[in-house]
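The values are calculated or read from the model by the stated rules, or taken from the named source; none is laboratory data. Here the structure is a predicted model, which means the values were calculated and not measured. Quick reminder, even Gly has a Cβ in these numbers, built from the backbone with ideal geometry, and neighbours come from all protein chains shown. Ligands, DNA and RNA are stripped out before the accessible areas are found, and what is left, the full protein with its side chains, is counted by its heavy atoms. Shrake-Rupley method; radii C 1.70, N 1.55, O 1.52, S 1.80 Å.
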Amino acid sequence: MIRLAPRFKRAELRERAKEYVQGLLSAAERKNSWQIAEQLGKPTPYGMQHLLGRAQWNADLVRDDVQAYVNEALGDREAVFVLDETGFLKKGDHSAGVQPQYSGTGNGIENCQVGVFLGYAAADGYTLIDRTLYLPQRWLDEPERCAQAGIPPEAAFATKPMLAQRLLERAFAAGLPGRWVTGDEVYGRDARLRQWLEARHQAYVLTTWSKENVGRDALSMRIEELAMSWPAEEWHRLSCGTGTKGERYFDWTCMPINSPKGCDWQHWALVRRGIEHPEDWAYYLVFAPPGTSLQTMVQVAGRRWTIEVCFESAKGEVGLDEYEVRSWNGWYRHMTLALLAHAFLTVTRAQAAKKGLSTVTAAQYRPPVQPSQAWAVCP
C-alpha cells in the first residue's frame, strides 16, 4: 500500500484505501462496505462508501501499479495472458450495465453486470491484472440512464472481443512479459482479434466453434470435418495440466491449416477429445512459430482454466462479487482494489512456496493493524 500512496493525495484517503484492502483480506462474511467497516471496528460504512464513490482518485492508475507489482513478482517470459468474462448477479436496473444477459455464474440468462477480465498465468502463480465493464447497447441508447449511473458521456459500444483487445493493449504497453494469449470461444471466433494478434506476432491458442471454416491446401471445410478425417495415429493422449482431481488427460491432435500469403508463422487447428466421453470435442485455432510442438499447444490450452480458478478465489477470498455500488466509478474502484488484494495473496503464496512455507486462506488471514503515521511518510 505504501507504493500506491501517491495515487491518494490526502492522508485520510490513503488510510481509507488501506483499510478497504485489509477488509477485502479479512474474515468478514461478505466484503461489502457495511461488513468491511464492521470488521475494522468502524461505526458506519460512510468512509468506505466515500472511497468508492465521491473521493478523488484514479482507479486506472492503481491498476497500472497492480500490473507493475505482478510483473516484478511473477513476470515470466513464458506466461500466458488469459481472457474471460464473468457475471455479477444484481437486483433492479440501476447498476451500470445491468440487464438480463448470459452469465456463466448463473448458468443462463440472469439480471447481471458482465465484466471482461485479463488473467496472467505465470510459472509461479496466476492472478487477474485488468478489468472492464461490458456496456450493452440498450444502455447507450438511454443517455439519461447512463448519466445517472455515472457512465462517461464518451462511452461507446464495444463487443467483448473489442474490450479484450484493449486489455491486452494495456498489458503489452505496460511491459508485462508473456509468450501466449488464450481465451474461450467468445474471443476465438472473432477474426479481428485474431488478426490483430497475428499482426503483432503474438502467439495464441483460442477456442472456436465446431463450424469454424479452415483451409487446408486447396480445400475449405469446417474444423469438425477436418478433425474427423484425421488419421487415428495422429491422436495423442496428453495432460493439459493439473486440476482439482489430478492430471487432466484428453486425446489431442493438431493439423496445419493455411496461413495468409507471406506469413512467416504457422496456423494450426487443435482438437481435444474426451476419454471417458469420446463424443466431447473441443476446437482451437493456433498461431505460433513453425515447429511449435503439440505438447506446447496443449499446455497453453490448459492454462485457460487458470482464470476460472482466479474468479473462484477472487470471489471467495477477496469479495470480487460482493460490492454494493451501482455507479461506473464504484464498479471500477471496487474491482481494482479486489484485483490488488488477489494479486497480494497470489504473490504471498508464491513467495511462501519458494521458501517451503505453508499458506493460509483469506478467511484465516488477519491483516496487522498499522499506525496511520506509516502513511504520513509516503511521498
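I'm trying to understand the selection: among the residues of region 316-358, which are basic (K, R), within 25 Å of H94 (Cα to Cα) and in a loop (DSSP other than H, G, I, E, B)?
Narrowing region 316-358 to residues basic (K, R): 326, 333, 349, 354-355.
Checking the rest, the ones that are also within 25 Å of H94 (Cα to Cα) come to 326, 333.
Of everything in region 316-358, just one residue is basic (K, R), within 25 Å of H94 (Cα to Cα) and in a loop (DSSP other than H, G, I, E, B), namely R326.
For every residue, the table says whether it meets (1) at pLDDT 95 or above; (2) in contact with a Gly (Cβ under 6 Å, 6 or more places away or on another chain); (3) surrounded by fewer than 16 Cβ atoms within 10 Å (Cβ to Cβ).
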residue: R10; (1), (2), (3): no, no, yes
residue: Q35; (1), (2), (3): no, no, no
residue: P43; (1), (2), (3): no, no, yes
residue: M48; (1), (2), (3): no, no, no
residue: A59; (1), (2), (3): yes, no, no
residue: V66; (1), (2), (3): yes, no, no
residue: V70; (1), (2), (3): yes, no, no
residue: R77; (1), (2), (3): yes, no, yes
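Just name the residue that is farthest from E185 (Cα to Cα) out of those in region 207-240 that are touching a residue at least 40 places away in the same chain (Cβ under 8 Å) and of a type in the set (S, T, Y). Break it down into steps so the answer makes sense when it comes.
Our first condition is that a residue be touching a residue at least 40 places away in the same chain (Cβ under 8 Å); within region 207-240, this holds for 207-210, 212, 214-217, 223-224, 226-227, 230, 236, 238-240.
Those left that are additionally of a type in the set (S, T, Y): 207-208, 210, 239.
Details: T207: 5, T208: 5, S210: 10, S239: 21 Å.
Filtering region 207-240 for residues that are touching a residue at least 40 places away in the same chain (Cβ under 8 Å) and of a type in the set (S, T, Y), the one farthest from E185 (Cα to Cα) comes out as S239.
Table: residues versus (1) in contact (Cβ under 8 Å) with a residue 40 or more places away in the chain; (2) of a type in the set (A, V, I, L, M).
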{"site": "R272", "(1), (2)": "no, no"}
{"site": "H277", "(1), (2)": "no, no"}
{"site": "Y283", "(1), (2)": "yes, no"}
{"site": "Q295", "(1), (2)": "yes, no"}
{"site": "D321", "(1), (2)": "yes, no"}
{"site": "L340", "(1), (2)": "yes, yes"}
{"site": "V347", "(1), (2)": "yes, yes"}
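When both residues are 6+ apart or on different chains and their Cβ atoms are under 7 Å apart, which pairs have a first residue that lies in region 75-89 and is under 10 Å from L176 (Cβ atoms), and a second that is open to solvent by 30 Å² or more (accessible area, probe 1.4 Å) and of a type in the set (A, V, I, L, M, F, W, C)?
As it stands, the answer is D76/A123, since those pairs meet every condition given.
Quick grid of which residues meet (1) within 19 Å of T182 (Cβ to Cβ); (2) modelled with pLDDT of 95 or more:
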{"position": "G302", "(1), (2)": "yes, yes"}
{"position": "E312", "(1), (2)": "yes, yes"}
{"position": "E322", "(1), (2)": "no, no"}
{"position": "W331", "(1), (2)": "no, yes"}
{"position": "L337", "(1), (2)": "no, yes"}
{"position": "V369", "(1), (2)": "no, no"}
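Can you name every residue in region 14-33 that is open to solvent by 30 Å² or more (accessible area, probe 1.4 Å) and over 16 Å from H50 (Cα atoms)? It would help to see each step written out before you state the result.
Taking region 14-33 as the starting set, the residues that turn out to be open to solvent by 30 Å² or more (accessible area, probe 1.4 Å) are 15-16, 22, 27, 29-30.
The answer is Q22, A27, E29, R30.
Filter region 221-254 down to residues that are of a type in the set (F, W, Y) and open to solvent by less than 80 Å² (accessible area, probe 1.4 Å) and give me whichever is farthest from A121 (Cα to Cα). Full working, then the answer.
We begin by selecting, within region 221-254, every residue of a type in the set (F, W, Y); these are 230, 235, 249-250, 252.
When the remaining residues are screened for being open to solvent by less than 80 Å² (accessible area, probe 1.4 Å), the result is 230, 235, 250, 252.
Values: W230: 32, W235: 27, F250: 21, W252: 22 Å.
In this case the residue turns out to be W230.
Can you spot a residue in region 86-104 that is touching a Leu at 6+ places or on another chain (Cβ under 9 Å), open to solvent by 40 Å² or more (accessible area, probe 1.4 Å), under 21 Å from C310 (Cβ atoms) and at pLDDT below 95?
Taking region 86-104 first, the residues touching a Leu at 6+ places or on another chain (Cβ under 9 Å) are 86, 88, 96-97, 103.
The next check asks that each one be open to solvent by 40 Å² or more (accessible area, probe 1.4 Å); those that pass are none.
No, the conditions are met nowhere in region 86-104.
Restricting attention to region 240-276, report how many residues are at pLDDT 95 or above and small (G, A, S).
2
Quickly run through region 260-295 and pick out the residues that are under 20 Å from Q202 (Cβ atoms), among the small types (G, A, S) and surrounded by fewer than 21 Cβ atoms within 10 Å (Cβ to Cβ).
G262, G291, S293
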